[in-house]
Amino acid sequence: MGNWFKSGSPWIWMTGGAVSLSLIAVLGLLLLIAWRGLSYFWPATVYEWQLQDSQGHTSTLIGQLYDSEQVPSERLIAAGYTFSQPPEEMVTRYLIKTGNREFVGLDFRWVLATDIVSRSEPKDVAIFERTKNGNFYGYPLAVLNQGQPVASDNLPLTLAEHVNRAVELSEQALDLQKQDIGAINYQLERIRLKERKLELDHALNADNQAELQSQTDVLNSDYLVLENTLFDYRKQAERDSVVVKDMRGAEVTLNLSQVLHVTYPNDLNLAQKLMQWLTGMANFVMDDPREANTEGGVFPAIFGTVFMVMLMAVIVTPFGVVAAIYLHEYAKKGPITKMIRIAVINLAGVPSIVYGVFGLGFFVYVLGGSIDQLFYPEALPAPTFGSPGVIWSALTLAILTLPVVIVSTEEGLSRIPSAVRQGSLALGATKAETLWRIVIPMASPAIMTGLILAVARAAGEVAPLMLVGVVKLAPTLPLDWNFPFVHLERKFMHLGFHIYDVGFQSPNVEAARPLVYATSFLLVTVIVTLNLTAIGVRNHLREKYRSLEH
């Protein structure tokens, strides 16, 4: 036994065990997030409960079962609840998603098992996913066309056709509003700023003012045409409605312009449920958020995260590589170089919120304010670059991740044998040619390693972004069809901040909880995808320049 300890084998087993436990913990966490997030999109069964409280009042409840827990009966009695019969020590209560927010008030309610008389799974109950007020549960009775019932032998099929028509018209109206009408508003604003600039430069005269006015008149006339088309789309979308019997027994008329999907989850087979599950995940990835981010999708947050990270990578890579090359290849060993290295190492330990404060003070107020004074005086006092935006977020995270790129690149440069440099110089190459053709290609895998670490950290940072550009809901993306097409001054959405906002700032906590898991899993997926892409590039570069090492 003593020889076994002296051989070092126990430490090998302990190290392997620690690594295994770490991997199990990470995989377990990812599986938990994936299960809780992806199960949210599975079409759950809709139940109809018959309830009777301790006073003998009966009611009907329609909804989906979300959770259950055991509650001590003594705690319920102490809270003022009266049981009709002596309860057991523990009582089960269920969390039910009821929807119908405009009539019920809350999306969720707790129901005690002692109050349940019966429970059924009706096949004809439907879930109406709406643009506002959440889901609506009930029994469709009739489809109305301009207030008149539509004759149909297959009500679900007729309802689906009318819903698809209304959704298509609503999407056309939304595209028209965002693209065509948005482009006209953008051009009108540019004309206003151009006129203001001419006025500030004392160059505004009758000729150019008349020219700008004629351009404005043409755009306004086009705007009126598009506005009439928009109103026509909305009027057509509002033509149809559906009569639904809800849990109160009342007949409610829902306009189909506010309905996105109608599903009958109790009447679906396994293949149909799987298809609806995939459709729900696709809609979550591709749609815009709504209802204070508790409904809809997260596409703007995905786009903002990826766009900001890629912009940060473009900024931090050349600066980090140049700094590492200077420190390793050109800087002489001395107190100044030593202080620079210590500063780089210490920068890696600075809290990220400090970078956010620096970015807000220097990039936004000083640099952005100066840009506005020099190049956009006509827009003042409204800031253009003097307010938080995606460019300042990318620069702030570039400074935050710069030490990682510098250290990783320096380690790669130090692994290159000095004989390679000397051989290149002996063959007549200059030092710059040696760096460009020999040293940097051989160090490119280490550069990509630093970039991978920088991307992994930047994609998950939230605290500095809250100060320099991220918002709860961005009206437009930083990339569109309006010149100059890339708008780096705009604010953006971020998956990390979206998780924080939905999880801690949502007015409907129970409805937001599954979205927190789904968005967290999506953020992890985006980070893993970016890292795998960078790892693939690194492995390709490593194989490409492997011959230089020999």
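The values are calculated or read from the model by the stated rules, or taken from the named source; none is laboratory data. Please read these numbers as outputs of a predicted model, since none were measured by experiment. A quick note on method: Cβ atoms are made from the backbone with ideal geometry, for glycine too, and the neighbour counts reach across all protein chains shown.
From the list 105, 56, the one residue that fits, being among the small types (Gly, Ala, Ser) and under 32 Å from the mean Cα position of the chain (by Cα), is 105. Between 462, 455, the distinction of being more than 30 Å from residue 191 (Cβ to Cβ), of a type in the set (A, V, I, L, M, F, W, C) and in contact with a Phe, Trp or Tyr (Cβ under 7 Å, 6 or more places away or on another chain) belongs to 462 only. Comparison of 9, 73, 20 shows that the only residue that is touching a Pro at 6+ places or on another chain (Cβ under 6 Å) and free of Cβ contacts under 8 Å to residues at least 24 places away in the same chain is 73. Counted as qualifying within the range 407-478 are the helices (runs of 4 or more DSSP H) with 2 or more residues that are touching a residue at least 24 places away in the same chain (Cβ under 8 Å), namely 440-460, 465-468.
Please indicate, with yes or no, whether at least one residue in the range 107-115 is of a type in the set (Lys, Arg), closer than 23 Å to residue 509 by Cα and at pLDDT 85 or above. There is at least one residue in the range 107-115 that is of a type in the set (Lys, Arg), closer than 23 Å to residue 509 by Cα and at pLDDT 85 or above. Residues that are polar (S, T, N, Q) and at pLDDT 90 or above were ranked within the range 23-52; the one that is surrounded by the most Cβ atoms within 10 Å (Cβ to Cβ) is 50. When 33, 24, 12 are checked against the criterion of being in contact with a Ser or Thr (Cβ under 9 Å, 6 or more places away or on another chain) and either part of a helix (DSSP H, G or I) or among the small types (Gly, Ala, Ser) (or both), a single residue qualifies: 33. The residues on offer are 511, 534, 518, and the sole one that is touching an Asp or Glu at 6+ places or on another chain (Cβ under 6 Å) and either in a helix (DSSP H, G or I) or surrounded by 14 or more Cβ atoms within 10 Å (Cβ to Cβ) (or both) is 511. So, residue 66, is that one touching a Ser or Thr at 6+ places or on another chain (Cβ under 9 Å) and outside any helix (DSSP H, G or I) or not? No: the conditions fail for residue 66. Figure legend. Inter-residue proximity from the range 77-91: first residues loosely packed, with under 10 Cβ neighbours inside 10 Å, second residues modelled with pLDDT of 80 or more and among the β-branched types (Val, Ile, Thr), beta-carbon distance below 8 Å, spacing 6+ or different chains. Indicated pairs: 85/114.
Restricting 485, 504, 492 to those that are more than 21 Å from residue 292 (Cα to Cα) and of a type in the set (A, V, I, L, M, F, W, C) reduces the list to 485.
The rows are residues; the columns are (1) surrounded by 13 or more Cβ atoms within 10 Å (Cβ to Cβ); (2) out of contact with any Leu (no Cβ under 7 Å at 6 or more places or on another chain); (3) modelled with pLDDT of 95 or more.
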{"site": "247", "(1), (2), (3)": "yes, no, no"}
{"site": "280", "(1), (2), (3)": "yes, yes, no"}
{"site": "283", "(1), (2), (3)": "yes, yes, no"}
{"site": "295", "(1), (2), (3)": "yes, yes, no"}
{"site": "309", "(1), (2), (3)": "yes, no, no"}
{"site": "314", "(1), (2), (3)": "no, yes, no"}
{"site": "318", "(1), (2), (3)": "no, yes, no"}
{"site": "325", "(1), (2), (3)": "yes, no, no"}
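The strands (runs of 3 or more DSSP E) found entirely in the range 94-159 include none that carry 2 or more residues being closer than 30 Å to residue 82 by Cα, touching a helix residue (DSSP H, G or I) at 6+ places or on another chain (Cβ under 7 Å) and in the same structural domain as residue 254 (by TED's automatic domain parsing).
Take the conditions (1) farther than 30 Å from residue 273 by Cα; (2) of a type in the set (Asp, Glu); (3) without any contact (Cβ under 8 Å) to a residue 60 or more places away in the chain; residue 102 misses just one of them, which is (1). Can you tell me which residue in the range 479-496 is surrounded by the fewest Cβ atoms within 10 Å (Cβ to Cβ), limited to those that are within 14 Å of the chain's Cα centre (by Cα) and either outside any helix (DSSP H, G or I) or without any contact (Cβ under 8 Å) to a residue 40 or more places away in the chain (or both)? Only one residue tops the list, namely 491. Looking across the range 216-231, the residues that are out of contact with any Leu (no Cβ under 9 Å at 6 or more places or on another chain) and either closer than 30 Å to residue 101 by Cα or surrounded by 13 or more Cβ atoms within 10 Å (Cβ to Cβ) (or both) come down to 222, 227, 231. Scanning the range 226-274 for residues that are more than 13 Å from residue 141 (Cα to Cα), assigned to a strand (DSSP E or B) and touching a Ser or Thr at 6+ places or on another chain (Cβ under 7 Å) returns 255, 260. Being under 30 Å from residue 389 (Cβ atoms) and surrounded by fewer than 17 Cβ atoms within 10 Å (Cβ to Cβ) is a condition met by at least one residue of the range 332-344.
Within the range 426-441, being surrounded by 13 or more Cβ atoms within 10 Å (Cβ to Cβ) and farther than 21 Å from residue 324 by Cα holds for one residue alone: 429.
Among all positions in the range 197-208, there is no residue which is surrounded by 15 or more Cβ atoms within 10 Å (Cβ to Cβ), aliphatic (A, V, I, L, M) and touching a strand residue (DSSP E or B) at 6+ places or on another chain (Cβ under 9 Å).
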